[in-house]
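The values are calculated or read from the model by the stated rules, or taken from the named source; none is laboratory data. On a predicted model such as this, the values are computed, not experimentally measured, just so you know. Every residue, glycine as well, gets a Cβ built from its backbone with ideal geometry; the counts of neighbours run over all protein chains shown. For accessibility, only protein heavy atoms count, side chains too; no ligands or nucleic acids. Shrake-Rupley method; radii C 1.70, N 1.55, O 1.52, S 1.80 Å.
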Amino acid sequence: MSVVAPGSPVVASTDSVPPVDPATPATATAGVATKPRDRDRYLDMWRALALVRVVAYHVFGWIWLTVLFPAMGLMFALAGSLMASSLDRAGSRSVGRRLRRLLPPLWAFGAVALTVLFVTGWGPAPSARLGWGELAWWAFPARTPPVGSQHWAWAYNSVLWYIVTYLWLVVLSPALLALFRRWPWPTLIAGLALPALFLFQVVQVGGYFNEQATNVSTYVGLWMLGFAHHDGLLRRIPARRYAGMVGALAVTGAVWVVISALAHGSYDLNRIPVGNTLWSAAFVATVLRFRPRLDWIGRVRPLARIIELLNARAVTVYLWHLPLAMILSSLLAPVTINSFTAQVAIRLTGVWLLTAAAVALFGWVEDLAARRTPALLPPSAEPPRVAAKRAAGPVAGSTTVGEVAPTLRRPVNRWHLGMVTLVVTLAFSLAYTAVHVSPSSATTQSQGRQPQHEVAHYVSDLLLVLDDASAPGLPDRSTAIEPGTVSVNGESYPHAVVAPTPNRLRVHPPAGCDRLRAVAGIGDTDSERIRVTFAVRVDGVTVYDSGPLRTTDAPANVDVELPGASTVDLISVSARGTASAIWADARFVCAA
């Protein structure tokens, strides 16, 4: 199972990111005799879809999902729109209110995570500047909180970059909104151009908060696009001009993504800051302008309720789904599931069932944070009678406080239709390219640049999932010079993984590692005529193939780049017999 270690866009990881504004209450405050403001069902639907997309991405590591549906850019834009609305209602006090709704769910998650990490052996102090003082970021995440040295610990903090970025944007929002309303278009354009300024070092931050500054620069333009949506700036642009602007953004963003992927070896949008901002802006602008009627959702009450629940418990779902996906991966490791469809169904169902349990246990913290009465499940924001009335259609000229006026049936504007067609076509084209076109820099063995300082994580020390064979181990003592050491063609290697052919070893690279090095050789065989082929697949794409090797051939030196890799498969297949396939000193290399 590909449980992805999603990280920030500037540190090798995942997407990943929760697809909702974590400070958005789903229902009115319980017990307060005020009429709840109606929610925008259209935007709630997109938040729910984005959350589902994020979970799927983290479970399966499907890179193509990031370009097909840039969920993070959309969610930052929607959060920016809601933040502008909060600032209009409560001024700077809204900053404290948003943080109050964000932090308690993180504290509950952190309490469990830290307990697990310390009980199982944290290891040395965090390597960052503050040492053990870095734990303070679990209380106020201005930086990504640290985790222990366990090989699975990344699952507890690798997605927290979104919480960190959201916090910074909330704190900066009063100043950003003032600038935006003083100079709307120059401010929005500057925000969208900021990632390029960082890339070409026109703007440099560096230092202790460099990662956070880079992440904020990637999404601040989307956040201000939300300001523009809230203030009605986008609606005032004529359809023809709007479609042209979106088309230019979409084409530029798509081209940037492809060129960057070919140059650096990954189509993961989270690792292409400029392309991420441009392509996300085009996608978001399309979503915010093209609003089909969704009255039918209200008539399908179970679907409407699911959307409502995902919005009400979004932070809990986001925080817990990745550790639970990792646990599920370990539970399913011994199980052979031959059908791809069955694998997808079983793993998604399992993750959502475990996440539902976490929501039942910890979701009430979001109620407390929003000053609602804690509940196992939040009450419906729309009683059945109201839902039925809404589904039957609005009364002419009537709206409720806070409700987005219903969209009347009218012919679809041809410019809007062309805009949607272009963006959808580019989205599917990028996804197809990400699946079927292997970036050239990732398909060849690396021959050039070597980092001056490296940290190696040996595959033999990591959690492995082995298909089609028994558990991996050391070779027979006749080929071992000393425990843990393997001899290949007379040369000894202190670390190795050995398994009978044919087999596939699946492993998740540690965060920050972008290379794999190994010596691939043949151990004990049942035939001198045997041929063994070694291959490396990254996120389903073959990036190395040794060709058939004989026992008399020199071992193959494997040295491949793995930029943004989520899962790595070490594959060995044999013809004319069975052999012990040796991956000697197989290791992931990270820049120190």
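Numbers at a glance
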read-out: Per principal axis, descending, Cα span of the stretch 195-238 in whole Å; value: 42, 18, 9
read-out: Bins of 5 Å, starting at 0 and running to the largest distance - Cα pair percent for the stretch 310-351; value: 5, 21, 24, 22, 14, 9, 5, 0
read-out: Extension gain from Arg414 to Leu376, taking 0.36 nm per residue of separation minus the Cα-Cα distance; value: 9.1 nm
read-out: In nm, spacing of pseudo-spin labels at Met245 and Asp88 (7 Å Cα→C-beta vector); value: 1.8
read-out: Sites Ala175 and Val573, calculated FRET efficiency, Cβ-Cβ separation with R0 51 Å, nearest 0.05; value: 0.30
read-out: Residue-normalised accessible area of the stretch 236-303, given per residue in Å² at a 1.4 Å probe; value: 41
read-out: Convex hull of Cα atoms in the stretch 79-149, direction-averaged projection (nm²); value: 5.6
read-out: Net charge, Asp367 excluded, C-beta distance under 11 Å - Lys, Arg +1, Asp, Glu -1; value: +3
read-out: Sorted peptide list for 113-119, 58-64, 531-537, criterion being average Cβ within 10 angstrom, highest first; value: 58-64, 531-537, 113-119
read-out: Simple label model, 7 Å out from Cα along Cβ direction - Ala136 to Thr552, nm; value: 6.8
read-out: Net length gained if the chain between Thr252 and Thr542 were fully extended (0.36 nm per residue, minus Cα distance); value: 101.5 nm
read-out: Carbon/sulfur fraction of accessible area - the stretch 216-316, other protein chains in place, 1.4 Å, %; value: 68
read-out: Cα Rg over Rh - the stretch 287-331, Kirkwood; value: 1.18
read-out: Sequence-distant residues sharing a close amide H with Val543 (under 5 Å, placed H); value: Val536, Arg537, Val538
read-out: Equivalent ellipsoid, the stretch 142-237 (semi-axes from 5 times Cα gyration tensor eigenvalues, Å); value: 30, 16, 11
read-out: Mean Cβ count within 10 Å, highest first, over the residues of peptides 423-433, 124-134; value: 423-433, 124-134
read-out: Peptides 356-369, 87-100, 158-171 ordered by average Cβ neighbours within 10 Å, highest first; value: 158-171, 356-369, 87-100
read-out: Kirkwood estimate for the stretch 134-192, i.e. one over the average of 1/r between Cα atoms, Å; value: 13.5
read-out: Euclidean distance between Cα centres, the stretch 126-150 to the stretch 311-384, Å; value: 26
